[in-house]
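A.B. asks: Take this structure first; my questions come after.
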Amino acid sequence: MSLNLTHEPIEGEHFLITSDLTGDVWEIVVGLEVHCELATVTKLFCGCPNMFGDEPNTNVCPVCLGLPGSLPVLNHQVVELAMRLGRALHCSVEPSVFARKNYFYPDMPKDYQVSQFDRPINVDGWLDLPDGTRVGIERAHIEEDTGKNTHAGGSGRIHGADYSLVDYNRAGVPLVEIVGRPHIRHPEQAKVYIDELRAILLATEASDAKMEEGSLRVDANVSVRRVGDPALGRRCEVKNLNSLRSLGRAIEYESRRQVDLLESGETIKQETRHWDEGAGRTRAGRSKEEAEDYRYFQEPDLVPLAPSAEWIAAIDAALPVLPAQRRVDLAAASGVGITETGVVITVQRDLDTLALAAIAAGGDGRRVLTHVEHNLSGEGVVDLDPSLLGNLVQLELAGQITATQAKTVLADMVVTGRTPEVIAAELGFEAMDTSELEGIVDGIIADSPDEWEGYCSGDDKRRGKLQGFFVGAVMKATKGQADGKAVNAILDARRSAAS
Amino acid sequence: MSKVALLARLELTDAELDTYTDQLAAIIDHAADVAALDLADVPPTAHPLPIENVLRPDVVTPSVDRDEVLSQAPSVEDRRFRVPAILGEEP
Amino acid sequence: MSESVIPTTAVEISRAVRAGELSAREVLEVHLSVIDGREGEINAFNLVLADEARIAADAVDRRVADGGDPGLLAGVPLAVKDNLCTRGIPTTCSSRILEGWRPPYDATVVSRVSAAGAISVGKTNLDEFAMGSSTENSAFGPTRNPRDISRVPGGSSGGSAAAVAAGFAPISLGSDTGGSIRQPAALCGVVGVKPTYGLVSRYGLIAFASSLDQVGPFSTTVADSALLLEAIAGHDPLDSTSIPDADTGAARSLLSVLHDGVAGLRVGLVTELMGEGIAPDVAARVRQAAEALAAAGAEVGEVSIPALSYGLSAYYLIAPAEASSNLARYDGVRYGMRVDADTTAQMNTATRTAGFGAEVKRRIMLGTYALSAGYYDAYYGKALKVRTLICRDFAAAYQNFDVLLTPTSPTTAFRFGEKTADPLSMYLNDICTIPTNLAGHPAMSLPFGAGADGMPVGVQLMAPALGEATMFRAAAVLEAAAPDLSEALQ
């Protein structure tokens, strides 16, 4: 474990904070709770449309308004999607029951939320991150969403408001709450976790997972501890994280806040804190007179849920290939390491199918992925004929065109769909004759005797610099058509001959 | 008891609190026979019915008339239910 | 048209209306004039629906005239407990907090009786939110027992029981959570049935305790309760706790087996409910009922159900706990009463404090306490286990018996104010009825003579889940053998 002697975050697995005061090194421990709105046609317990953005209070009925006498009936598709998501996260699907979480708030039509408490539907799963970390998933349970309050009057922010207006369109929308174990150690890693989760949600079609529309909401449980200390520190829950950027910034801020407190001898108060994006800090929630007591008990208006083994098997059989598996497959086919950026980015951009086909068509795996990573993004890319990419890479490795030339050819290929040979010929990209190249190199050597002297006899550092001088001069003389590797080979040979 | 009243959003006078405390104590006393039982091996029955897996199809059914519902609301503004200032965040 | 021409039972009225011998309107007018005559002193109704009823009755008559099927309850006046939602018609649960609230939908049972051609004549009074055993907890004044207006009609469905006892309607709908149909039926001298939990839809029944509540019929005859129960029973896709129809066929075919008799039926007198705590005159009538069943061919024995002695405690933990959660929604935000304040939390508190009566507050406090952190295991959690014991003991009893026989209420109707000072004494009224709510079993009360004070005594029949047919068969025999209410106790 590397020690960082400043407060600057290091690129790497762990985010470490070193105290100016004591020199102690602290690490952060983060567990994320993610709520996703499920992409069903209707709400969790009634047939009202599950739609974002409609006119207020138009998608409501006695059930989701919690009118006296109303009763909930569970949506089949919610169970299907919840199980699909659970299995995609490697959870065990268990018989489960619903429970009431009792508290008063005006966006709650019944002043209790129907959720799952001691017997949730999905338990004990995990999520593999691209960097190889396995983040445990404690549970992923079903619960209902609340309505929406809009604050009016005053400053518009909750503390200055004169009154509020409530819209119950969102009340009763089905949610799955995914509780991750505290296995995250870096703000960037938290963002990657969310990206990975979102990819799974999209692949399973369980949710459209849009943070900006509220169909994906993230709360972060953050604590700190001295490196080497096995015990977990007291954590704070950070809410109001509306983007990945906020997530990263908030984790970083909160962990430093906690370290500062603990270093000055204070204790962390276990509380909910809110992220203030504008001010770049977390703030304690309004202190309540009493701690909330949710008085959970089994929901008597619903019966237990025990999905059949057949249903679970059908879900398993229909699971799409998930990002982690796609990375495994691509790494195997390309020979590139599973945590390397080539693999990660290719899958992230949904270009792995293309890459696999290009490799199957004869293209070198590493070279193909390098092209995807650096040269393929944006519109139209996915329609590229993979065999063309395979060919291009073959030409490159045969020395027919240089890397720089290949980039240009590729850009053209994406647009026109022509073969690399045709494009290269049109652009005049052809391999230079070796003797012609040697002649040019020799000419430049002759013209620069001092530099040549330095290149042959200088130390590694000097030689490296002068190599750049010679290669650059050759490139200029050949208008970029020389292959850098070939030039280096010739320079080396001449130097050996001279010594 | 005053904590319980707060959780239940009820305001009780001191006299009422006293009366309720006494009455509840009497009931709880009566329930002491229950509290004294050793039921470690007995599973709870949350429900008298042995039914499981009641599900409905993911199909839209008619909502309720918004105006009919809003007409019953104590205070409405802009097609929404109006409430006084909300202090404190959602738990 | 004089009253004597109109039949008094639902079975007879519907037959006559369907046959075109009688008009629904005629039947209605007769009942409206009875209501006119005595409602002032009885106060069975929160709201009489004379105009609406006339429109409905005329519609039934038109249907008959057109040759259509007007339904199995065609033209039968029916009263509806005011905790059942009736669209566009105030539904108050006899509470200030819902005063004037008009639901935008009908309860399923209301839709069903309406589709069957019954004529709703009014919403009946109850103990506020169905919490009580005397209807003295109504925010709109008590209902009086038609047999003696200085006495309570029982509760919480006091209005529905009184309406039938006073002849305002041959049948009515009530709800039963701990005895709220059976006990007022006993005190008023009418028939009252709590069906198996899940047999009748709860959609639109304003919840008190969700795992205990059931809607059920009141009537003057056993056959009428069978008719009404058949009309309302059956699976409802809007109620997750509603039993599928495939499993309830027998429980919904009551009229056809009603007079099958009780030969060989094993009847058990429950030891724990015949001793201390039961008035001697009540116990005597129950033994008489046992003899009547024996005389008709039943095998009568005694059975002990030990867990019953914990029933009251378990009930008074489970029911208020569920109620405290079910009543949280009355917060002044979306409907009902609102008392304004600066903040929403203050508004919630002010509204609920002003809107709920003392008994409701007491039960909300008790329920909140029983569920709260640190107390859950000792109280609510334990009560759920006691419930298991009760279910097991019943199951053991039903190995050897087909129906059980007990008193419905420990005493006959008491006088107003007699039990209001000490809530516990009021709760003791429920010891005979509570166990079947906890177990989810069916039970019914029917009149079996008068007590020492001349007031009706009700005897209770209980059966295992979905055992309605057996229960009704025994009830029919008892009905035929019942002593006249005017006969003094020997």
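The values are calculated or read from the model by the stated rules, or taken from the named source; none is laboratory data. Model, not experiment: these values are computed from the prediction. We place every Cβ from the backbone using ideal geometry, glycine too, and count neighbours over all the protein chains shown. Ligands, DNA and RNA are excluded from the accessible area calculation, which covers all protein heavy atoms including side chains. Shrake-Rupley method; radii C 1.70, N 1.55, O 1.52, S 1.80 Å.
A.B. asks: Evaluate the distance, in nm, between pseudo-label points positioned 7 Å from the Cα of residue B:33 and of residue C:287 along their respective Cα→Cβ axes.
C.D. replies: Going by the 7 Å Cα→Cβ label model, 2.3 nm.
A.B. asks: Further, regarding this structure: How much accessible area per residue does the protein assembly as shown have, counting only protein heavy atoms and a probe of 1.4 Å, in square angstrom?
C.D. replies: Here the residues of the protein assembly as shown average 37 Å² of exposed surface.
A.B. asks: Here's something else I'd like to know. Grab the Cα-Cα distance for residue A:21 and residue A:450, subtract it from 0.36 nm times how many residues apart they are, and report the gain in nm with one decimal.
C.D. replies: 149.0 nm
A.B. asks: Within the stretch B:50-91, name every residue whose backbone N is under 17 Å away from a label modeled 7 Å from Cα of residue A:103 along the Cβ vector.
C.D. replies: B:86-91
A.B. asks: How high is the FRET efficiency from residue A:124 to residue C:428, r the C-beta distance, R0 60 Å, rounded to 0.05?
C.D. replies: 0.80
A.B. asks: Rounding to the nearest 10 and keeping the result within 0 to 90°, find how far the Cα-based axis of helix A:386-397 lies from the longest principal axis of chain A.
C.D. replies: 40
A.B. asks: Can you give the calculated 222 nm mean residue ellipticity of chain A, where each DSSP H run of n ≥ 4 adds -39,500 (n - 2.57) and the sum is split over every residue, rounded to the nearest 500 deg cm²/dmol?
C.D. replies: So the calculated ellipticity at 222 nm is -12000 deg cm²/dmol.
A.B. asks: Further question: Give me the percent of the accessible area of the protein assembly as shown that comes from carbon and sulfur atoms, probe 1.4 Å, all protein chains in place.
C.D. replies: That fraction is 51 percent.
A.B. asks: So if I restrict to the alpha-carbon atoms in the stretch C:238-377, what is the Rg, and what is Dmax, the biggest pairwise distance, in Å?
C.D. replies: 23.3, 70
A.B. asks: Please compute the length gained on full extension between residue A:271 and residue A:243, using 0.36 nm multiplied by the number of residues separating them and subtracting their Cα-Cα distance.
C.D. replies: 7.9 nm
A.B. asks: Could you tell me the largest-minus-smallest coordinate of the C-alpha atoms of chain C on each of the three principal axes, in descending order and whole angstroms?
C.D. replies: The principal-axis extents, from largest down, are 62, 52, 46 Å.
A.B. asks: To the nearest 20 Debye, how big is the dipole of chain C about its Cα centre, given +1 on the beta carbon of each Lys and Arg and -1 on that of each Asp and Glu?
C.D. replies: 920
A.B. asks: Using a 1.4 angstrom probe with every protein chain in place, what is the largest-first accessible-area order of A:151, A:374, A:186, A:90?
C.D. replies: Correct descending sequence by accessible area is A:374, A:90, A:151, A:186.
A.B. asks: Also, I was wondering about something else. What is the distance, in nm, between label points placed 7 Å from the Cα along the Cα-to-Cβ direction at residue B:41 and at residue A:212?
C.D. replies: Each label point is offset 7 Å from its Cα along the Cβ direction, giving 6.2 nm.
A.B. asks: Here's something else I'd like to know. How many nm is it between the label spots at residue B:68 and residue A:407, if each spot is 7 Å from the Cα in line with the beta carbon?
C.D. replies: 6.7
A.B. asks: How about residue A:485: which lysines have a C-alpha closer than 22 Å to its C-alpha, ignoring those fewer than 8 places off in the same chain?
C.D. replies: Answer for residue A:485, where 22 Å is the Cα cut-off: A:407, A:461, A:465, A:476, listed by chain and number.
A.B. asks: Also, I was wondering about something else. Taking the Cα centre of chain A as origin, sum charge times position over the Cβ atoms of Lys and Arg (+1) and Asp and Glu (-1), and report the length of that vector in debye to the nearest 20.
C.D. replies: Dipole size: approximately 840 debye.
A.B. asks: Please compute the volume of the convex hull spanned by the alpha-carbon atoms of the stretch A:400-468 and report it per residue in Å³.
C.D. replies: 106
A.B. asks: Checking the a/c ratio against 1.5 first, then a/b against b/c, what shape does the Cα gyration tensor give for the stretch C:8-257?
C.D. replies: rounded
A.B. asks: What percent antiparallel are the DSSP beta bridges of the protein assembly as shown, to the nearest 5?
C.D. replies: Rounded to the nearest five, the antiparallel share is 80 percent.
A.B. asks: Another question, then. Exceeding 28 Å between C-alpha atoms, which entries from my cross-link table qualify? They are C:361/C:385; A:210/A:269; A:191/A:269; A:101/C:419; A:101/B:3; A:239/C:361.
C.D. replies: A:210/A:269; A:101/C:419; A:239/C:361
A.B. asks: Rounded if a/c is under 1.5, else prolate if a/b is larger than b/c, else oblate: which is the stretch A:16-317, with a ≥ b ≥ c the root eigenvalues of its Cα gyration tensor?
C.D. replies: oblate
A.B. asks: So if R0 is 56 Å, what FRET efficiency would residue C:54 and residue A:54 give, r being the distance between their Cβ atoms, rounded to the nearest 0.05?
C.D. replies: Using R0 = 56 Å, I get an efficiency of 0.85.
A.B. asks: Right, here's the next one. Within the stretch A:181-252, report the GluC sites (Glu not before Pro) that DSSP leaves as loop and that have at most 14 other Cβ atoms within 10 Å.
C.D. replies: Loop-located and lightly packed - A:205.
A.B. asks: Would you rank A:274, A:76 by solvent-accessible area, highest first, keeping every protein chain in place and using a 1.4 Å probe?
C.D. replies: Ranked list, largest accessible area first: A:76, A:274.
A.B. asks: Among C:346, A:394, A:296, flag the residue with its Cα farthest along the positive direction of the charge dipole of the protein assembly as shown, charges on Cβ as +1 for Lys/Arg and -1 for Asp/Glu.
C.D. replies: Of the listed residues, the answer is C:346.
A.B. asks: Total Å² of accessible surface buried at the B-C contact, 1.4 Å probe, nearest 100?
C.D. replies: 4800
A.B. asks: Here is a follow-up. To the nearest 0.05, how large is the calculated FRET efficiency for residue B:51 and residue B:22 if R₀ is 60 Å and r is the Cβ-Cβ distance?
C.D. replies: Efficiency at R0 = 60 Å is approximately 0.90.
A.B. asks: Which shape class applies to the stretch C:370-469: rounded if a/c is under 1.5, otherwise prolate when a/b exceeds b/c and oblate if not, where a ≥ b ≥ c are the square roots of the Cα gyration tensor eigenvalues?
C.D. replies: In terms of gyration-tensor shape, oblate.
A.B. asks: Starting from 0.36 nm per residue, how many nanometres of slack lie between residue A:231 and residue A:381 once their C-alpha separation is accounted for?
C.D. replies: The span from residue A:231 to residue A:381 would gain 49.1 nm if fully extended.
A.B. asks: Moving on. Which one, C:95, C:75, C:201, projects farthest toward the positive side of the charge dipole computed for the stretch C:8-257 from Cβ point charges (K/R +1, D/E -1)?
C.D. replies: Toward the positive end, the furthest listed residue is C:95.
A.B. asks: Show which lysines lie in cross-link reach of residue C:123 when reach means a straight Cα distance below 17 angstrom and same-chain residues fewer than eight apart are skipped.
C.D. replies: Filter leaves C:81.
A.B. asks: Would you mind telling me the antiparallel percentage of the DSSP bridges in chain C, rounded to 5?
C.D. replies: 65
A.B. asks: Could I ask something else about it? Using alpha-carbon positions, what is the distance between the centroids of the stretch A:231-288 and the stretch C:461-486, in Å?
C.D. replies: Centre-to-centre (Cα) distance: 68 Å.
A.B. asks: Using only alpha carbon pairs under 8 Å that are at least six residues apart, calculate the relative contact order of chain A and give it in whole percent.
C.D. replies: In percent, rounded to a whole number, it is 13.
A.B. asks: Return the calculated 222 nm mean residue ellipticity for chain C, to the nearest 500 deg cm²/dmol, obtained by summing -39500 (n - 2.57) across DSSP H runs with n ≥ 4 and dividing by the residue count.
C.D. replies: -11500 deg cm²/dmol
A.B. asks: Given Cβ point charges of +1 (Lys, Arg) and -1 (Asp, Glu) and nothing else, what value in debye, to the nearest 20, does the dipole of the stretch A:404-454 about its Cα centre take?
C.D. replies: I would put it at about 560 debye.
A.B. asks: Also, I was wondering about something else. Please report the buried accessible area for the interface of A with B, total over both chains, probe 1.4 Å, in Å² to the nearest 100.
C.D. replies: Approximately 4400 Å² gets buried when A meets B.
A.B. asks: Could you tally the net charge around residue A:326, taking each other residue with its Cβ under 12 Å from the Cβ of residue A:326, Lys/Arg +1 and Asp/Glu -1?
C.D. replies: -3
A.B. asks: Which of B:49, B:12, B:39 moves most in a GNM of chain B, Cα contacts under 10 Å?
C.D. replies: Of the options given, B:12 has the highest mean-square fluctuation.
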